[in-house]
Protein chains: 2
Amino acid sequence: MKTIENISRMSTFVKMMKKEGKSISLVPTMGYLHEGHLSLVKAAKKHTDVVIMSIFINPIQFGPKEDFEKYPRDLKRDEEMAREAGVDVIFYPSLKDMYPEGYATYVTVEKLTGNLCGESRPEHFRGVATVVTKLFNIVKPEVAYFGQKDMQQAMMVKKMASDLNMGVEVKMMPVVREKDGLAMSSRNIYLSDAERRDAAVLYQSLKNAEMLVKNGERDARKVTKAVEDMIKSKQSARIEYVKLVDAGELSDVKMITGEIALAVAVFFGETRLIDNTTIMVK
Amino acid sequence: MKTIENISRMSTFVKMMKKEGKSISLVPTMGYLHEGHLSLVKAAKKHTDVVIMSIFINPIQFGPKEDFEKYPRDLKRDEEMAREAGVDVIFYPSLKDMYPEGYATYVTVEKLTGNLCGESRPEHFRGVATVVTKLFNIVKPEVAYFGQKDMQQAMMVKKMASDLNMGVEVKMMPVVREKDGLAMSSRNIYLSDAERRDAAVLYQSLKNAEMLVKNGERDARKVTKAVEDMIKSKQSARIEYVKLVDAGELSDVKMITGEIALAVAVFFGETRLIDNTTIMVK
């Protein structure tokens, strides 16, 4: 495995691989890897010759009061985990290389991004769309892998790739969870012991909601109320949203029918976690 | 020469050319070709194996009161001129193929686009940046050619390609002019005979301004005033702007020094024409 730290060397490598007829996949990450990321690598290895993992903490997707500065970083640890998982190249560009002085170009997706996380993080998805466009242009992958924990992000990237004719297949892979069901996230490390115990309620509340729907509940308000009540029972929890949305458009639903997603964003102490599950109702 | 009318067939063709190791250039146009477009083809032919000309009247770069509906169209005529000039492929996609229902992704360049035409056409450059991104992604050219008549557009595209790591070299070629100096434009066909005669004043006023600067004038206001006075002497002319700007940033200048651009937008009757010249002052 090699680590490439600048854009022009990455481009040279990609050109070489293309010349040799190799297929390329990209696993974009912000580093501080966990099993969720590695599951994407595993899927990528099955389908392409060369797996490139980008590690770049993208400042323009963080709000002014968010955790860009303190976001966990540990390249040595990431390199070991990535090598072990079979990554071929880590792409680790610098901030200055990605956003040189005078940088001015942004990509926005005007659907899928207004609801859920888009409400409290108005610039977030623009930042993601922009950096993913840059990474796609540099790495030129046939396929890119995203995790379903960030469902809204993955759906937006898929829409963007299609709208802009990027020729990249965007695949969304299942959430990978801890033993107690907490979705893997680099931000879990922020949690105190008590918050970490409380955070397991997210998965429990999603499972409970699935059960309610399975048992015939079709009133979205009643289901989200049940989820909210479970989460509120935890002392360190503060709900940002609990929403049932159409799984295609991500717009709020009142009645549960067809393919829907239940998505939650909850603070445990200072740490904002998200999770979701999709539910199919015939 | 062949004409390819949909995106997926264009992609297949491009893939084939890449496999054969051919270099590709793109000349993006809205059709109704003139010598300006053909000069871009000529330059493209010198530097690449395959010259692809796109002909697509891009609705999202027209304002609600602009001339999208009546923009001149004549594919047969364009095909003849393009073949004659040595174009290899005309890419002529449909509206529905380029902007399918639910289309939602846009590219914006936040510098270079606020002044000059950006003031009266707030959505225009977003529309151009978006369609050019799509065309670059479909055609995957090494080089793309733009005319200096649309200087602000060419500069924005260059900035966008660099910011988003598109790997496309953007070349801006000199304005091609009629015998009386009027810049070639598909929109010139809208002009009545009287308006057409009046429109020659644009070039005359630019030349006169160059002369004033050459003779030592450094006060931007005095130069733009002279240009305005010449243009106003024509009955059918109505000035939108006459501006002296920094040729790097396109921001207004008061004193003429370094590399500057003199840019004008003027209505003759209902027809809006633009022109510009760059001036170097040591």
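Things to note:
- Chain B, helix-only ellipticity at 222 nm - DSSP H runs n ≥ 4, -39,500 (n - 2.57), divided by all residues, nearest 500: -11500 deg cm²/dmol
- Averaged per residue, the stretch A:42-146 has 44 square angstrom of accessible surface, using a 1.4 angstrom probe with ligands and nucleic acids left out.
- The eigenvalues of the Cα gyration tensor, multiplied by 5 and square-rooted, give the stretch A:186-281 an equivalent ellipsoid with semi-axes of 25, 13, 10 Å from largest to smallest.
- Pairwise label distance in nanometres, A:Ala194 with B:Glu217, each label 7 Å out on the Cα-Cβ vector: 7.6
- Between B:Asp246, B:Asp88, B:Asp219, the residue with the greatest mean-square fluctuation in the GNM of chain B (Cα pairs under 10 Å linked by springs) is B:Asp219.
- Chain A residue nearest the rotation axis toward B, with distance: A:Val107, 3 (Cβ to axis, whole Å).
- For A:Asp180, inter-copy separations between label points set 7 Å beyond Cα along the Cβ vector come to 8.3 nm, shortest first.
- Tilt relative to chain A, helix A:75-85 - C-alpha long axis, 0 to 90 degrees, to 10: 90
- Of the GluC sites (Glu not before Pro) found in the stretch A:1-47, the ones in coil according to DSSP and having at most 14 other Cβ atoms within 10 Å of their Cβ are A:Glu5, A:Glu20.
- The DSSP beta bridges internal to chain B are antiparallel in roughly 55% of cases.
- Scaled against the 2.2 N^0.38 Å expected of a compact globular protein of N residues, the Cα radius of gyration of the stretch B:2-173 reads 0.98.
- With R₀ set to 35 Å, the beta-carbon distance separating A:His47 from A:Glu119 gives a calculated FRET efficiency near 0.50.
- Distances, shortest first, from the label point of B:Glu80 to those at the same position in the other copies read 7.4 nm; the point lies 7 Å along Cα to C-beta.
- Of the trypsin sites (Lys or Arg not before Pro) found in the stretch A:148-243, the ones in coil according to DSSP and having at most 11 other Cβ atoms within 10 Å of their Cβ are A:Lys179.
- For the stretch A:211-281 versus the stretch B:203-282, the spacing of their alpha-carbon centroids is 60 Å.
- Inverse mean reciprocal Cα-Cα distance (Kirkwood Rh) of the protein assembly as shown, Å: 26.3
- Label point 7 Å beyond Cα along the C-beta direction, distances from B:Tyr241 to other copies (nm, shortest first): 3.7
- Listed by chain and number, the lysines placed with their C-alpha closer than 23 angstrom to that of A:Lys159 are A:Lys111, A:Lys134, A:Lys140, A:Lys149, A:Lys171, A:Lys243, B:Lys15, B:Lys96, B:Lys134, B:Lys140; residues fewer than eight positions away on the same chain are left out.
- Compared with the dominant principal axis of the Cα atoms in chain B, helix B:124-139 is inclined by about 30°.
- Once all protein chains are placed together, B:Asp275 keeps about 0 Å² accessible to a 1.4 angstrom probe.
- Rounded tilt (10° steps) of B:201-214 against the dominant C-alpha axis of chain B: 60
The values are calculated or read from the model by the stated rules, or taken from the named source; none is laboratory data. Just so it is clear, the structure is predicted and the values come from calculations on it, not from any experiment. Here the Cβ is made from the backbone with ideal geometry for all residues, glycine too, and neighbour counts use every protein chain on show. Ligands, DNA and RNA are excluded from the accessible area calculation, which covers all protein heavy atoms including side chains. Shrake-Rupley method; radii C 1.70, N 1.55, O 1.52, S 1.80 Å.
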